[in-house]
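Read through the structure below, which is laid out as structure tokens, and then see the notes.
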Amino acid sequence: MLIEKMAKKLLVAICVIGLAACTTTPDAPAPEEQMPADQPVVETVTEPMISEEEQMRMESEQKRSARTIYFEFDESTVQQQYLEVIELHAKFLMENGGTVTLEGHADERGTQAYNLALGEYRAKSVAQYMMNFGLASSQIEVVTYGEERPADAGHTDGSWAKNRRVEITYR
């Protein structure tokens, strides 16, 4: 009898242990159920990774989209800040075999003849830099308009500054 009682207890213990091992835990509640309704949901947005090469290409295209080189009053010397822009245009034209027209302009101050000459000097100055960066002279055409085609028709220092320029036009 003692053995029967022990066997029954052992059998009940084995069944209890077996049942305990077979039970499953309930699924965790969905995130919406965990947060109270009055709490804002915060989502993290990450920007796509851009390779260094792609970043450089995008910056190059952005700088190459600048097609106007500005000059100081009564000057035909290209300012340092425009050299990279000129270089990018020259390299683009070398790689793609295109040609370019450099249109020289001046503000309204000065005689017509002087402004035509100044516009030409400015365009030739940009052309020289393009050739220094490797572009063939046969790919460059220089045109001067002097004061004839102002970008800004005003008669202020700001207007005149916009008119002292060389415009880069692809053909």
Any pair with Cβ under 6 angstrom, 6 or more apart, that starts in segment 104-124 at a residue that is closer than 20 Å to Glu141 by Cβ and ends at one that is surrounded by fewer than 24 Cβ atoms within 10 Å (Cβ to Cβ) and aromatic (Phe, Trp, Tyr):
His105/Tyr145; Gly119/Tyr145
Subset of segment 120-138, residues in contact with a Ser or Thr (Cβ under 7 Å, 6 or more places away or on another chain) and either among the hydroxyl-bearing types (Ser, Thr, Tyr) or buried (at least 18 other Cβ atoms within 10 Å of the Cβ) (or both), comes to Glu120, Tyr121, Arg122, Ala123, Ser125
Of all residues in segment 142-171 being part of a strand (DSSP E or B) and out of contact with any helix residue (DSSP H, G or I) (no Cβ under 8 Å at 6 or more places or on another chain), which is nearest to Phe73 (Cα to Cα)?
Glu167
Considering every residue within segment 106-116, establish whether at least one is buried (at least 21 other Cβ atoms within 10 Å of the Cβ), charged (D, E, K, R) and farther than 14 Å from Tyr170 by Cα.
yes
Kindly provide the set of residues from segment 84-105 that are part of a helix (DSSP H, G or I), surrounded by fewer than 16 Cβ atoms within 10 Å (Cβ to Cβ) and either among the acidic types (Asp, Glu) or modelled with pLDDT of 95 or more (or both), ordered by number.
Glu84, Glu95
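The values are calculated or read from the model by the stated rules, or taken from the named source; none is laboratory data. Since the model is a prediction, treat every value here as computed from it, not as a measurement. So basically every Cβ, Gly included, is an ideal-geometry build from the backbone, and we count neighbours across all protein chains shown.
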